[in-house]
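Nothing in this text is a laboratory measurement; each read-out follows from the coordinates by a stated rule. All values derive from a computational prediction rather than experimental measurement. Cβ placement follows ideal geometry from the backbone for every residue including glycine, while neighbour counts extend to all protein chains displayed.
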Amino acid sequence: MRSRDYLGEFEHIVVLALMRLGDRAYGVTVRQEIAARIGRDVSVGAIYATLDRLEAKGYVKSRLGEPTAERGGRSKRFFRVTANGVSAVNRTHRALLSMSKGINLVGRYSS
Amino acid sequence: MMPSAVRPPVVAAWLVGLFTPDRQTESITGDLLEEFSDLTSKSGVSSARRWYWRQSTKTIAHLIGNQFRSSPWLIATTVLGGLVLLTVGGSWPSQGIVALVHLRRHHVTPYYSPSEMKTYFFWLESGIFIGEDVMSLLVGCVVAMAAKGKEMAATMTLGFLATLIHAGIAVSVAKHAHADAFALLRLFPVRLFASAILVVIGGVIVREIRFAAARRLSRA
């Protein structure tokens, strides 16, 4: 993993959702958190594709929960952000702030 | 167990299972089922079923895209291998079947009545197509076995390319062949997609066998 890797737009959103949800973070709650916060209806497939990529990069870790009846006896996969993941969020956030510093986005480009 | 009236659409659930990697099957199908149950109690079964179909379609599109992104070389290599097999060995089973039909005519029952001649020509023509179909199915299975975890992306790509190649052949035959060959072209709309569909069915068979084996292992 390179120390200057930045998160992609959707990766950034998903990691922030995981941080907000803490111990309750799994596919359904992440999807609902994103829909509630930014009004974006994303598919379960998009969430898991991104989480899989983040896990491969070492930014998140997952564990299987207990099977539940409401899920037809299937387990939930809970996710949590690793220390590397937190660093990546900070790095990306700082980069975005640096790039937008001094630009009057509202006044200049709002229609 | 859920009553069948409030179960998610069977076909949609099956399709999601086909495209989901083994390690994510439990989480993705479980998440869909959990939200489906939630929606059923809030907005009714038909609305929940519509939601399930929409989610399944979007999820499958993402899973296919992810298969291409995560292993582009594996998919490219297996598809190329499949195309070579279809091109080089595509006529082997047909040749075998035609040889059998000829053998029966020339060495077993050399004298045919008109009705037997009809049967002979029917098997000669059908034998070629049956052979092609068997080969397409086998190639689909081989490609899916090689593209482990990416069975559906690999066989769907191969099926798409096979359709393009068949369409190219059809156009070329239509341009250059003499009038008699046009009789064969009547079969092209069917033949155009037969190979692609059978290649994908081969992928489905291998995927289902692997999925069942993985389920048995996780239960043990």
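Observations on the structure shown:
- For the range B:34-42, backbone phi angles converted through the Karplus equation (6.51, -1.76, 1.60; θ = phi - 60°) give residue-by-residue couplings of 4, 5, 4, 4, 4, 5, 4, 6, 7 Hz, Gly and Pro being listed as x.
- Net charge in the neighbourhood of B:A154 (other residues with Cβ under 11 Å of its Cβ; Lys, Arg +1, Asp, Glu -1) is +2.
- Contact order normalised by residue count of chain A, Cα under 8 Å, 6+ apart, percent: 29
- Between 0 and 90°, nearest 10: helix B:92-103 axis offset from chain B longest Cα axis: 40
- log10 of Debye I(q)/I(0), alpha-carbon scatterers only, for the protein assembly as shown at 0.08, 0.10, 0.11, 0.16 Å⁻¹: -0.56, -0.77, -0.87, -1.31
- Cross-link reach is defined here as a Cα-Cα straight distance under 30 Å, omitting same-chain residues fewer than 8 places apart; for B:K150 the lysines meeting it are A:K57, A:K61, A:K76, B:K58.
- In order through the range B:195-206: 3J(HN,Hα) via Karplus (6.51 cos²θ - 1.76 cosθ + 1.60), integer Hz, x for Gly, Pro: 4, 4, 4, 5, 4, 5, 4, x, x, 5, 4, 5
- Here the Karplus curve 6.51 cos²θ - 1.76 cosθ + 1.60, taken at θ = phi - 60°, turns the phi angles of the range A:58-75 into couplings of x, 8, 9, 10, 10, 9, 8, x, 7, x, 10, 5, 5, 9, x, x, 9, 8 Hz, with x standing for Gly and Pro.
- Cα gyration tensor shape of chain A, rounded if a/c is under 1.5, else prolate or oblate by comparing a/b with b/c: oblate
- Three-way shape call for the range A:1-57 based on the alpha-carbon gyration tensor, with the a/c threshold at 1.5: prolate
- Legend: calculated FRET efficiency, B:S46 to B:H102, from the Cβ-Cβ distance at R0 = 51 Å, rounded to 0.05, equals 0.30.
- FRET efficiency for B:T57 and B:L217, using Cβ-Cβ distance with R0 set to 30 Å, rounded to 0.05: 0.50
- Helix-only CD estimate at 222 nm, as mean residue ellipticity for chain B, using -39500 (n - 2.57) per DSSP H run (n ≥ 4): -28500 deg cm²/dmol
- Calculated FRET efficiency, A:Q32 to B:L18, Cβ-Cβ distance, R0 = 22 Å: about 0.25 to the nearest 0.05.
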